[in-house]
Amino acid sequence: MAVLEIRQRHSDVSLFMVLPCRSQSSRWSAADQQEYQRILKASDRVLYVSEEYFPGCMQKRNRFMVDHSDTCCCYLTSCRGGTWNTVSYAYDQHLSIHNIANDL
């Protein structure tokens, strides 16, 4: 993961994971779950916005991130879906938006 690599070179960088629910990875492959657990253990802080999954917990997580940020760094290639909704909300909240899809 890029943040963990950057953190090795820059001590002022930290990884704060805001996750929708504890069961997020329950339907992932074993390999993906193993990598997820590795990243969780290497994180500086982990916050779950909900203990259990419920419809809307992803949106709740996305809004939490926007509400606690100054800048939105995204990879947005479509004007629909969850990423679009989150970036639109970030724009409405007057965050600086940096779409790295435009850099490629």
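Values quoted throughout were computed directly from the atomic coordinates according to the rules given, and no laboratory measurement underlies them. Treat the numbers as computed from the prediction; the structure is a model and nothing was measured. So basically every Cβ, Gly included, is an ideal-geometry build from the backbone, and we count neighbours across all protein chains shown.
Would you mind calculating the relative contact order of the chain from Cα pairs under 8 angstrom and at least 6 residues apart, reporting the percent as a whole number?
So the answer I get is 23 percent.
Under a point spin-label approximation (7 Å from Cα along Cα-to-Cβ), what is the Arg22-His98 distance to one decimal in nm?
Once both label points are built, they end up 3.5 nm from each other.
Which of Ser96, Ser26, Val49 sits farthest toward the positive end of the charge dipole of the chain, with +1 on the Cβ of Lys and Arg and -1 on the Cβ of Asp and Glu?
Ser26
Check Cys72: other-chain or 5+ apart residues with amide H under 5 Å from its amide H, H built from backbone geometry?
Ser96, Ile97, His98
Using alpha-carbon pairs under 8 Å, 6+ residues apart, how would you state the relative contact order of the stretch 50-104 in percent?
38
With the crude spin-label approximation of a point 7 Å out along Cα→Cβ, what separation in nm comes out for Asp12 versus Glu51?
The answer from the label model is 3.9 nm.
To the nearest 20 Debye, how big is the dipole of the chain about its Cα centre, given +1 on the beta carbon of each Lys and Arg and -1 on that of each Asp and Glu?
240
Let a ≥ b ≥ c be the square roots of the eigenvalues of the Cα gyration tensor of the stretch 1-55; is it rounded (a/c under 1.5), or, if not, prolate (a/b larger than b/c) or oblate?
The shape class here is oblate.
Give me, ordered by chain and number, the residues 5 or more places off Ser23 or on other chains with an amide H under 5 Å from its own placed amide H.
Distant-sequence amide H within range of Ser23: Tyr53.
Modelled label-to-label distance, Thr71 and Asn85, 7 Å Cα→beta-carbon offset: nm?
Using points 7 Å along Cα→Cβ, the separation is 2.7 nm.
Would you mind classifying the chain by shape? Square roots of the alpha carbon gyration tensor eigenvalues, ordered a ≥ b ≥ c; an a/c under 1.5 is rounded, otherwise it is prolate if a/b is larger than b/c and oblate if not.
Cα axes put the chain in the oblate bin.
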